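Peer 1: Please find one structure pasted underneath; my questions will follow.
The values are calculated or read from the model by the stated rules, or taken from the named source; none is laboratory data. Keep in mind that what you see is a predicted model, and the values were worked out from it rather than measured. What goes into the accessible areas is simple: the full protein's heavy atoms, side chains included, and nothing from ligands, DNA or RNA. Shrake-Rupley method; radii C 1.70, N 1.55, O 1.52, S 1.80 Å.
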Amino acid sequence: MIYLNNIMKELFDTIKFIIPPLATLLAGYIGVRYGLKQVKIEKHLEFIEKQLKEFYSPLLGKRKYIRAKSEFRLKVETISGRQWKENAEKGIQQSIESVDNEIKYNNRQLNEEFLPMYREMLIIFKDNYWLAEPETREFYNELVEYVEGWNRWKEKGVTAETMKEIGHSEEKLKPFYEELDKRTDILRKEISQK
């Protein structure tokens, strides 16, 4: 019995001696694992911020700007057209000058503002392709074709018939624009939830 008591005492003494270092090692291990997980989460969030700042936000901002101005142009054209028709029905003599000026303004806006912005969008996409999600990358060729179509048209390197047969239209970019909106919302939500 005494022998068993001595063994038990030695066992408890050994356990008392072993537990603190083991607890310290276990706490250190858990701390390191937690720290590594936090670093991984932080790196992921930094990447998402970079995606938003250098890719999605600039593309979406340019797109929204072009869209807002285009929608305003349509309002002006609709109202001008209605007024022209009403005046013609009343027999009021009208000057074609205002229509010519509107067309000149729209063409200048396209050439000096919108087309350079589309080219900038393509440069952003090209230079930051690695930041695009796979779903967004699917639209790269559409944007290249749209910009290249305008480039060729401006240089008279393609006929109107060819452009028509190719189907050169901004309509083809609408799924891309929808993807930009959707992906930006997804990434912003992911950042806000962490």
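Peer 1: Over the C-alpha atoms of the range 76-194, what are the Rg and the largest Cα-to-Cα span, Dmax, in Å?
Peer 2: My reading of the Cα-based Rg and Dmax gives 20.0, 66 Å.
Peer 1: Restricting things to alpha carbons, tell me how big the range 66-140 is in terms of Rg and Dmax, in Å.
Peer 2: For the range 66-140, the Cα radius of gyration and maximum Cα-Cα distance read 19.1, 61 Å.
Peer 1: What pairs in Lys43/Lys189; Lys40/Lys64; Lys104/Lys154; Lys75/Lys182; Lys64/Lys164 have C-alpha atoms more than 23 Å from each other?
Peer 2: Listed pairs above 23 Å: Lys40/Lys64; Lys75/Lys182; Lys64/Lys164.
Peer 1: Per residue of the range 62-71, in order, report the coupling 6.51 cos²θ - 1.76 cosθ + 1.60 (Karplus, θ = phi - 60°) as ³J(HN,Hα) in whole Hz, putting x for Gly and Pro.
Peer 2: 5, 4, 5, 5, 4, 5, 4, 5, 5, 5
Peer 1: OK, next. Please report the accessible area of Lys69 (heavy atoms, 1.4 Å probe, ligands and nucleic acids excluded) in Å², nearest 10.
Peer 2: About 60 Å², ignoring ligands and nucleic acids.
Peer 1: I've got another one for you. Return one whole number: the accessible area per residue of the range 118-188 in Å², for a 1.4 Å probe.
Peer 2: On a per-residue basis, the range 118-188 sits at 63 Å².
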